[in-house]
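Data block below; observations after.
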Amino acid sequence: MNNLAYELVENYKKYPDKIVIIDKKEQITYKKLYTKVAGFKEYLLKKGIKQGQKILVLTQMSKELYIVLISLWSIGAIPCFMDAGFIKSGMKNNEYNSIKAIIGTKKYILYSNINNNLRKLNTKIDVSIINKLKTSEKLEVQEVEKDFSAILTYTSGTTGKPKIASRSHTFLKCQEKILINTLNYEKEDIEISTIPIFTLSNISAGISTLIAQANFSNLGKTKPKKIINQIKKHKVNRIMAAPGLLQIIVKYGIKNNIQIENVKKVFTGGGAVFIDLINNIKKVFPKAKIITLYGSTEAEPISECDVTNISKKDIDKIKNGYGILAGNIIGVKKCKLIKNDKKEIGKITTEEFNKMQVQDNGEIVVTGENVLKGYVGGIGDRENKFYVEEEIFHRTGDIGSFDKKGRLWLKGRIKEPYFSIEAALHAKFENIGKTAVLKNNNKITIIIEKPCKIPIEKIKKEIDFEKIEEIRYIKKIPLDKRHNTKVDYKELRKVLKK
């Protein structure tokens, strides 16, 4: 059966009493998840939700999120999402003219009224109703076609016309299979997570997920003590979190002399992972293997790297401007680097594609079963996709290089290709804090967040592989709200103008 909801049915039969989700209020077994999904599905059918309808889901990572998601799948409806942190702005930038209902928290349902199409909807369901409904012992799952959408994700639209990414049930199953093979699950694992898509893999693999008590609308405002206490209380042995959140957790741990030895694996991705963060993770989780994952919404994962004991040679490369080690290619069928300045590539021959390929400082392009082939309505396809004969490649917009071992190194984004400078800063100056590098007024400029007081001349002397024209210290570097990791260059430029 193609429908992802059937995985819950299978796992319920295999191990009904195994805990699948833990949140701050309760522990949920596969049996309880199954019966709650079945009960909520019945409620949705009574509310008029039908197969093929697009339903906007406005709730953060929680047990309710997965109950909503699987219930909608079982009907054959299509859950639609906004990235956390962009919900309010996304209401203005997207039309949502095909949405038939909203399921979400009271706050986000209220936000939806700023959008003309959403305000007119008759069906708006407060997600808290799930905890008041009767459960059911019978869950029937609607069969769907191979390419039927499982999730639609609306972009924020901050960089132009919003794109909508559609991931089918088959696509997500393929992604799950790759992630399960990559993440090396063990039967008794308990993973604390802040990344929703990986929790789906956990549910499929039969692994317990503890939902972190994080501020999901703005991870930078998360209180690390709560997460540390969760890890201790529930004997968590795996962590899945973005670098920005990990930095908050380990900074708190180091300050309070905390070491947690039962954590055996730490997985991180969604942004740059620098050497000083790796070293700090080791201090708080001394027994942990540290794995970085590189990928995107359109292709997850692309590469992985065990950075637990990164070699002196690799550290020297980082210090001398080689970039961030992303490691070995996994999951994708092909990962290539192309030297191309065109905004659009279109359809090319294999011969033309081969001529475009480079080993160093090229744009990373990928193809494979777990690579999104296009966007809804084709919006964004011309800029982000191209054909080599009949094979569709996705352009990541990232610059990279391959070393002699075939490992991928990241150099940054096409518009801001300065990871090499940032990575060197973090390797040479322990705990330098938040940094950014960009071209400002045509000058390569290093931005460092206060209270760092490293002398400017010392920095220029150490970063001798690149001509640094300006170094500025500012109060706060703006970061993305989704991961609290990536620099928001648009906002940063506004700050620099003040």
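A few notes on this one:
- Test: residue in the range 104-111 that is in a helix (DSSP H, G or I), in the same structural domain as residue 24 (by TED's automatic domain parsing), over 29 Å from residue 209 (Cα atoms) and not acidic (Asp, Glu): yes
- Taken over the range 179-212, the criterion of being of a type in the set (Gly, Ala, Ser) and farther than 19 Å from residue 24 by Cα is satisfied by 201, 204, 205, 206.
- Lone qualifier among 210, 139 - being in contact with a Ser or Thr (Cβ under 8 Å, 6 or more places away or on another chain) and under 30 Å from residue 306 (Cβ atoms): 210
- Residue 185 satisfies every condition listed in (1) touching a helix residue (DSSP H, G or I) at 6+ places or on another chain (Cβ under 6 Å); (2) in contact (Cβ under 8 Å) with a residue 24 or more places away in the chain except (2).
- Qualifying residue in the range 215-232 (condition: within 25 Å of residue 13 (Cα to Cα), outside the structural domain of residue 32 (by TED's automatic domain parsing), small (Gly, Ala, Ser) and surrounded by 15 or more Cβ atoms within 10 Å (Cβ to Cβ)): no
- With respect to the conditions (1) surrounded by fewer than 22 Cβ atoms within 10 Å (Cβ to Cβ); (2) at pLDDT 95 or above, residue 60 falls short on a single one, namely (2).
- The range 208-237: number of residues that are part of a loop (DSSP other than H, G, I, E, B) and either in contact (Cβ under 8 Å) with a residue 24 or more places away in the chain or over 20 Å from residue 65 (Cα atoms) (or both): 12
- Qualifying residue in the range 82-98 (condition: surrounded by fewer than 22 Cβ atoms within 10 Å (Cβ to Cβ), at pLDDT 95 or above, on the phi > 0 side of the Ramachandran plot and of a type outside the set (A, V, I, L, M)): no
- Enumeration of residues in the range 413-428 that are touching a residue at least 60 places away in the same chain (Cβ under 8 Å) and either among the charged types (D, E, K, R) or assigned by TED's automatic domain parsing to the domain that holds residue 466 (or both): 415, 416, 422, 428
- Restricting the range 245-272 to residues that are over 18 Å from residue 288 (Cβ atoms) and at pLDDT below 95, the residue that is surrounded by the most Cβ atoms within 10 Å (Cβ to Cβ): 270
- Filtering 4, 8, 45, 58 for residues that are of a type outside the set (S, T, N, Q) and in contact with a His (Cβ under 8 Å, 6 or more places away or on another chain) leaves a single hit, 4.
- The test for being in the same structural domain as residue 277 (by TED's automatic domain parsing), of a type outside the set (Phe, Trp, Tyr), part of a loop (DSSP other than H, G, I, E, B) and surrounded by 21 or more Cβ atoms within 10 Å (Cβ to Cβ) does not hold for residue 321.
- Restricting the range 154-166 to residues that are part of a strand (DSSP E or B) and crowded, with 20+ Cβ neighbours inside 10 Å, the residue that is modelled with the lowest pLDDT: 154
- Taken residue by residue, the range 31-46 has at least one member that is more than 24 Å from residue 180 (Cα to Cα), free of Cβ contacts under 8 Å to residues at least 24 places away in the same chain and among the basic types (Lys, Arg).
- The residue that is surrounded by the fewest Cβ atoms within 10 Å (Cβ to Cβ), among those in the range 292-315 that are touching a helix residue (DSSP H, G or I) at 6+ places or on another chain (Cβ under 8 Å) and not hydroxyl-bearing (Ser, Thr, Tyr), is 315.
- Test set (1) of a type outside the set (Asp, Glu); (2) over 16 Å from residue 472 (Cα atoms); (3) modelled with pLDDT of 95 or more - residue 417 fails condition number: (3)
- Residues that are of a type in the set (A, V, I, L, M) and either buried (at least 23 other Cβ atoms within 10 Å of the Cβ) or not assigned by TED's automatic domain parsing to the domain that holds residue 395 (or both), drawn from the range 279-289: 281, 284
- Scoring residue 405 on the criteria (1) assigned by TED's automatic domain parsing to the domain that holds residue 331; (2) assigned to a helix (DSSP H, G or I); (3) not hydrophobic (A, V, I, L, M, F, W, C) leaves a single failure, condition (2).
- Selection status of residue 391, of a type in the set (D, E, K, R), within 19 Å of residue 270 (Cα to Cα), outside the structural domain of residue 467 (by TED's automatic domain parsing) and touching a residue at least 24 places away in the same chain (Cβ under 8 Å): no
- Options 21, 102; residue that is under 28 Å from residue 229 (Cα atoms) and either in contact with a Gly (Cβ under 7 Å, 6 or more places away or on another chain) or at pLDDT 95 or above (or both): 21
- Number of the condition not met by residue 393 [criteria: (1) under 12 Å from residue 338 (Cα atoms); (2) at pLDDT 95 or above; (3) surrounded by fewer than 21 Cβ atoms within 10 Å (Cβ to Cβ)]: (3)
- Residue check, residue 151 under 17 Å from the mean Cα position of the chain (by Cα), assigned to a strand (DSSP E or B) and within 17 Å of residue 8 (Cβ to Cβ): yes
- Restricted to the range 1-83, the set of helices (runs of 4 or more DSSP H) holding at least 3 residues that are closer than 19 Å to residue 126 by Cβ comprises 30-46, 63-75.
- Criterion violated by residue 142 - all others in (1) surrounded by fewer than 17 Cβ atoms within 10 Å (Cβ to Cβ); (2) part of a loop (DSSP other than H, G, I, E, B) satisfied: (1)
The values are calculated or read from the model by the stated rules, or taken from the named source; none is laboratory data. Keep in mind it's a predicted model, so treat the numbers as computed, not measured. With ideal geometry, Cβ positions are generated from the backbone for all residues, glycine too; neighbour counts draw on all protein chains shown.
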